[in-house]
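*Asks:* A single structure is presented below for examination.
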Amino acid sequence: MSYLDDPRVFFAAERTLLAWNRTALALMGFGFIVERFGLFLHVVLQRHDEPIHRGVSLWIGVAFILLGAVLAVLSSVQYRRTLRALGQAEIPKDYWVNLGVMTNLLLALLGLALAAYMALS
């Protein structure tokens, strides 16, 4: 348990969680772009007579999306561990401490849904 009795410690932990949230979101966005790059090349190279073959770009993109989803979950777990170490004086009264965690978990679920959609379509 921490004995700093300073709410800035809690807000620093929350800022760190939200920074990991942005990183996870960026990884998912990059994965989407990589996955769609195969389709872009198909259109640019004007291979309309050949079937669309996404190949490696599909699996690398899906891997980035899954990495972002895992990162969102792990950062939420780390944040919850940090909260358990804080004292009551460090957490502002009536503050929604789990809003960032819920956002991260929703982001992870949406990332998993996106990865499944891309892998199965």
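Where a number appears in this text, it was derived from the coordinates with a stated rule and is not lab data. Predicted model only: the values in this text are computed from it and were never measured. Note that each Cβ is placed from the backbone with ideal geometry, even for glycine, and that neighbours are counted across all protein chains shown.
*Asks:* By per-residue mean of other Cβ atoms within 10 Å, what is the highest-first order of 81-90, 67-76, 23-32?
*Replies:* Top of the packing list down: 67-76, 23-32, 81-90.
*Asks:* Still on this model: Would you tally the net charge around M28, using a Cβ to Cβ cut-off of less than 14 Å, leaving M28 out, and scoring K and R as +1, D and E as -1?
*Replies:* +1
*Asks:* Just want the ordering: M118, M102, from fewest to most Cβ atoms lying within 10 Å of their own Cβ.
*Replies:* If I rank by nearby Cβ atoms, fewest first, I get M102, M118.
*Asks:* For the range 7-120, max minus min Cα coordinate along each principal axis, in Å, sorted largest first?
*Replies:* Principal extents (Cα only, largest first): 67, 21, 19 Å.
*Asks:* Counting helices only, and only those DSSP H runs with n ≥ 4, report the 222 nm mean residue ellipticity of the chain as the sum of -39,500 (n - 2.57) divided by its residues, in deg cm²/dmol to the nearest 500.
*Replies:* Only helices count here, giving -27000 deg cm²/dmol.
*Asks:* Also, I was wondering about something else. Near R8, within a Cβ-to-Cβ distance under 14 Å, what is the net charge of the other residues, with Lys and Arg +1 and Asp and Glu -1?
*Replies:* -3
*Asks:* What are the residues whose amide H is under 5 Å from the amide H of L86, where those residues sit 5 or more places off or on another chain and H is modelled from the backbone?
*Replies:* S2
*Asks:* Another one. Out of V44, V62, V77, any idea which swings most in a Gaussian network model of the chain, alpha carbons joined below 10 Å?
*Replies:* Ranking V44, V62, V77 by mean-square fluctuation puts V44 first.
*Asks:* Let me ask another. Can you give me the distance in nm between label points at R84 and L4, each placed 7 Å from the Cα along the Cα-to-Cβ direction?
*Replies:* It works out to 2.0 nm between the two label points.
*Asks:* Provide the gained length on full extension for the span L120 to Y95, in nm with one decimal, where the gain is 0.36 nm per separating residue minus the Cα-Cα distance.
*Replies:* The L120-Y95 span can extend by a further 4.9 nm.
*Asks:* Here's another thing I want to ask about it. Using label points projected 7 Å from each Cα along Cα→Cβ, tell me how many nm separate L18 and L105, to one decimal.
*Replies:* So the label points at L18 and L105 sit 2.0 nm apart.
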